[in-house]
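Comments concern the structure below.
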Amino acid sequence: MLSTLFIHCTLGHGGMWRGVLAGLPGVQAVTMDLPGHGRGPVRDPGLDFHDQSTALALSHLPAGPCAVVGHSFGATVALRLALENPSRIKALVLIEPVLFHIARDCTPAAYAANMADFEGSYQAAQRGDWAEATRRFTTTWGAGVPWDDLPDHARKAATQRMSLVFDTGPAVNDDTPGLTAPGRLEQLTIPVLLIEGDQSPSVIAGVQGELARRLPQATRIVIAAAGHMAPVTHPAAVAQAIADWGGLAA
């Protein structure tokens, strides 16, 4: 099996892969914490967040031929690693990459709805109400647990990191790394598995559809009854999809 780097979502941590890894016993897994998350390095405000995250992920990339699995923002980092290191990365799993910019033209209504929804979080943050900003964000992009039902420590931790969500904006909304520039995705000839939940925000289907169209060796899987946080809420199904795909085999 290929050694595989797993990259988590914004507001998450490397331990969130525990359930998925339990279903992939043969995989030589490396997990990490993004900047400002878990035991990751402090967020450097002088660096673009996607740049800092990608550099950190590169430092964790296993030696030799390997694979990368990424979720949400972590999936955008995984895609960048594959595009920039084609000789090392032999397979890629993208679980709901939040590449919103590519849905702008192919699913404009879903894109507009997503931006309108996010505006509520942004306005709350502008007022200094970070708890409300985080509540609104996690209602759409969380694991389906109502904000008031989360433990106090979970609400506090998410709120403290919420500014990092806004730091992802240049990459996910405007593609500042140029990941989807004309012809670039088409050059990625490794096997790519695209995973999404059928209960996720509609913009995700637009993103995944466009990636499936442009990536030469893409396989798209939809997990029933799952939302955006499928690696946490439906880890066995995510692991089974990866195992059945077979791209992590050496």
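Computed from the coordinates by the stated procedures, all read-outs in this text should not be read as laboratory data. Note that the coordinates shown come from a computational prediction; the quantities given were computed from them, not determined experimentally. Reconstructed Cβ throughout: ideal geometry from the backbone, glycine too, with neighbour counts over all protein chains shown.
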Fill in: Contour minus Cα-Cα distance for Ala243 and Met1 (0.36 nm per residue)
86.0 nm
Response to the item:
Once the dipole of the range 141-234 is set up from charges on Cβ (+1 Lys and Arg, -1 Asp and Glu), the residue from the list Leu188, Gln199, Ala226 lying farthest towards its positive end is Leu188
Discussion item. Starting from 0.36 nm per residue, how many nanometres of slack lie between Arg213 and Glu186 once their C-alpha separation is accounted for?
Written reply: 8.8 nm
Worksheet item: Could you give the angle, 0 to 90 degrees to the nearest 10, between helix 235-245's Cα long axis and the longest principal axis of the Cα atoms of the chain?
Response: 30 degrees
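If I stretch the segment between Asp198 and Ala63 completely, what's the gain in nm (0.36 nm per residue apart, minus their alpha carbon distance), one decimal?
On the way: separation 135, 0.36 × 135 = 48.60 nm, distance 3.52 nm.
Residue separation times 0.36 nm, minus the Cα-Cα distance, leaves 45.1 nm.
Do the sum for the chain: with -39,500 (n - 2.57) for every DSSP H run of n ≥ 4, divided by all residues, what is the mean residue ellipticity at 222 nm, to the nearest 500 deg cm²/dmol?
Values: 11 runs with 114 residues, N = 250.
Result for the chain, helices only: -13500 deg cm²/dmol.
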Worksheet entry | Of Val68, Thr54, Ala110, farthest towards positive along the dipole that unit charges on Lys, Arg, Asp, Glu beta carbons give the chain | Val68
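Mind sorting Ile7, Ile204, Ile89 by how few other Cβ atoms lie within 10 Å of their own Cβ, fewest first?
Details: Ile7 30, Ile204 27, Ile89 24.
By the 10 Å Cβ count, ascending: Ile89, Ile204, Ile7.
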Practice prompt. Using a cut-off of under 15 Å, list every residue of the range 107-139 whose amide N is near the label point 7 Å from the Cα of Lys156 along the Cα-to-beta-carbon line.
Written response: 131
Worksheet item: Roughly how tilted is helix 152-167, in degrees to the nearest 10 and between 0 and 90, from the longest Cα axis of the chain?
Response: 70 degrees
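Tell me the relative contact order for the range 107-167 as a rounded percent, counting alpha carbon contacts under 8 Å between residues six or more apart. Could the numbers behind the result be given before it?
Details: 30 pairs, mean separation 16.2, N = 61.
Relative CO of the range 107-167 lands at 27 percent.
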